[in-house]
Amino acid sequence: MPNRRFETYIFGLFNEEGKPGPTAERNWGLFRADFSPVYDVGLLRNGQGGGGRPALPAPSTAGGKWCVARSGATNTQLQDSINWVCGQGVDCKPIQAGGSCFNPSSLRTHASFVMNAYFQSHGRTDGACNFSGTGMIVGNNPSNGACKY
């Protein structure tokens, strides 16, 4: 409808990849998390459109992002996260006895290390640090001694 104006309500500007529930609940946005358009609805300037091309520059990661275990997570939740991540092919040897991240030997630090390893290898998106609500993204590098995140 060229040269016509109409009012509209946009329910979601971005898809919510980390939202729990059915897939349909996560996909109401006009844009993906990387700013590429899901639908070409004519909102972009200079012919920027769909086709999977980024509509805007990707967010900067120069400041650093790491995923760690939330302080309120229970030991059972942390162990479940470790089990799941290690089952996804992430190298969990560093948190085993003798590994560079075994000490300090706590479930929370071990979970934080493997959660971050998964997060870093899966695009550093919010959804890659969810872990059923037990993960959180931080801006300070949690590396400790020989244990490099």
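Determine, from the Cβ-Cβ distance of Ser106 and Leu13 and an R0 of 35 Å, the FRET efficiency 1/(1 + (r/R0)^6), rounded to the nearest 0.05.
0.35
Collect residues whose amide H, placed 1.01 Å from N in the peptide plane, falls under 5 Å from the amide H of Asn144; neighbours closer than 5 in sequence don't count.
For Asn144, whose amide H was placed from the backbone, the distant partners under 5 Å are Tyr149.
Can you give the Rg to Rh ratio for the stretch 66-138, taking only C-alpha atoms and Rh from Kirkwood?
Taking Rh as the inverse mean 1/r over Cα pairs, Rg/Rh reads 0.93.
Please tell me the relative contact order of the stretch 76-149 in percent, rounded to the nearest whole number, where contacts are Cα pairs under 8 Å and at least six residues apart.
Computed value for the stretch 76-149: 30 percent relative contact order.
A short reminder: the numbers here are calculations on the coordinates, not readings from a lab. Quick caveat, the model's predicted, so the values are computed rather than measured. FYI the Cβ positions are ideal-geometry reconstructions off the backbone, even for glycines, and counts take in every protein chain you see.
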